[in-house]
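Enquirer: Before anything else, here's the structure in question.
The values are calculated or read from the model by the stated rules, or taken from the named source; none is laboratory data. None of these values were measured; they are calculated from a predicted model. Positions of Cβ are generated from backbone atoms using ideal geometry, with glycine treated the same way; all protein chains shown enter the neighbour counts.
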Amino acid sequence: MPIITICSSANFYKKVNDVADQLKPLGIDSIVPLTATKMKASGDYDASHHRTWLENDNDYDKKAALMRTHFDEVAKGDAVLVINEEKHGVANYIGGNVLMEMAIAFYLKKPIFILNEIPEASSFLEEIKGMMPTVLHGDVTRLPALYKELTR
């Protein structure tokens with residue numbers, strides 16, 4: 001059973017947890033960000049409640065620890081799935097953190113899947129396309145077959 005590490009903006013962690021639940025019956029285990037797990041347990045999906053470093057510069061060590069932890073999880077997984085929804089009026093948003101996680105997967109030669117279309121308005125468009133991700137066009141049920149095809 002492949003293990004897919006799910007990456008996304010913290011604003012999409014409700015969707016991350018929903019997708020992780022959808023993948024299990026498809027025969028795919030998933031790793032979600034630590035904060036997504038905490039949000040699911042608490043029921044509080046307001047990302048601003050978890051980003052304490054935005055109010056207190058002394059909390060950036062927490063941000064750094066979360067980033068390192070998820071980088072390790074990208075390395076543990078067999079592939080990466082990026083959840084990209086609309087954020088700040090940008091369709092299919094992929095931010096800097098997710099770009100870094102994608103870059104780690106790319107460097108480690110792991111397949112990269114993107115749930116929705118590539119964000120054409122992104123300032124990272126060239127880099128995203130250069131990592132040759134597979135777009136699922138909003139359909140996570142396509143992931144098992146595409147994963148098999150890419151890892152033959």
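Enquirer: Answer yes or no as to whether LYS24 is modelled with pLDDT under 90, more than 20 Å from ILE112 (Cβ to Cβ) and of a type outside the set (Val, Ile, Thr).
Expert: For LYS24, the condition - modelled with pLDDT under 90, more than 20 Å from ILE112 (Cβ to Cβ) and of a type outside the set (Val, Ile, Thr) - is not met.
Enquirer: Being in a helix (DSSP H, G or I), out of contact with any strand residue (DSSP E or B) (no Cβ under 6 Å at 6 or more places or on another chain) and polar (S, T, N, Q) narrows it down to one residue among ASN92, ASN97; which is it?
Expert: Residue meeting the stated conditions: ASN97.
Enquirer: Another one. Considering only region 12-60, state which residues are under 22 Å from MET102 (Cα atoms) and among the β-branched types (Val, Ile, Thr).
Expert: Matches in region 12-60: VAL16, VAL19, ILE28, ILE31, VAL32, THR35, THR37.
Enquirer: Determine whether region 55-72 contains at least one residue that is among the acidic types (Asp, Glu) and at pLDDT 95 or above.
Expert: Yes, because at least one residue in region 55-72 is among the acidic types (Asp, Glu) and at pLDDT 95 or above.
Enquirer: Within region 10-37, can you find the residues that are crowded, with 18+ Cβ neighbours inside 10 Å and of a type in the set (Gly, Ala, Ser)?
Expert: Selection gives ALA10, ALA20, SER30, ALA36.
Enquirer: Counting just the residues of region 103-152 that are in a loop (DSSP other than H, G, I, E, B) and small (Gly, Ala, Ser), which one comes out modelled with the highest pLDDT?
Expert: Top of the filtered list is GLY138.
Enquirer: Looking at the structure I just gave you, is ASP21 touching a strand residue (DSSP E or B) at 6+ places or on another chain (Cβ under 6 Å) and under 15 Å from VAL140 (Cβ atoms)?
Expert: Criteria not met by ASP21.
Enquirer: Would you check which residues across region 27-52 are touching a residue at least 40 places away in the same chain (Cβ under 8 Å), more than 21 Å from ASN116 (Cβ to Cβ) and touching a Ser or Thr at 6+ places or on another chain (Cβ under 8 Å) and list them?
Expert: HIS50
Enquirer: A further question on this structure: Could you identify the single residue in LYS40, LYS62, LYS76 that is crowded, with 17+ Cβ neighbours inside 10 Å and of a type in the set (Lys, Arg)?
Expert: So the residue among LYS40, LYS62, LYS76 that is crowded, with 17+ Cβ neighbours inside 10 Å and of a type in the set (Lys, Arg) is LYS40.
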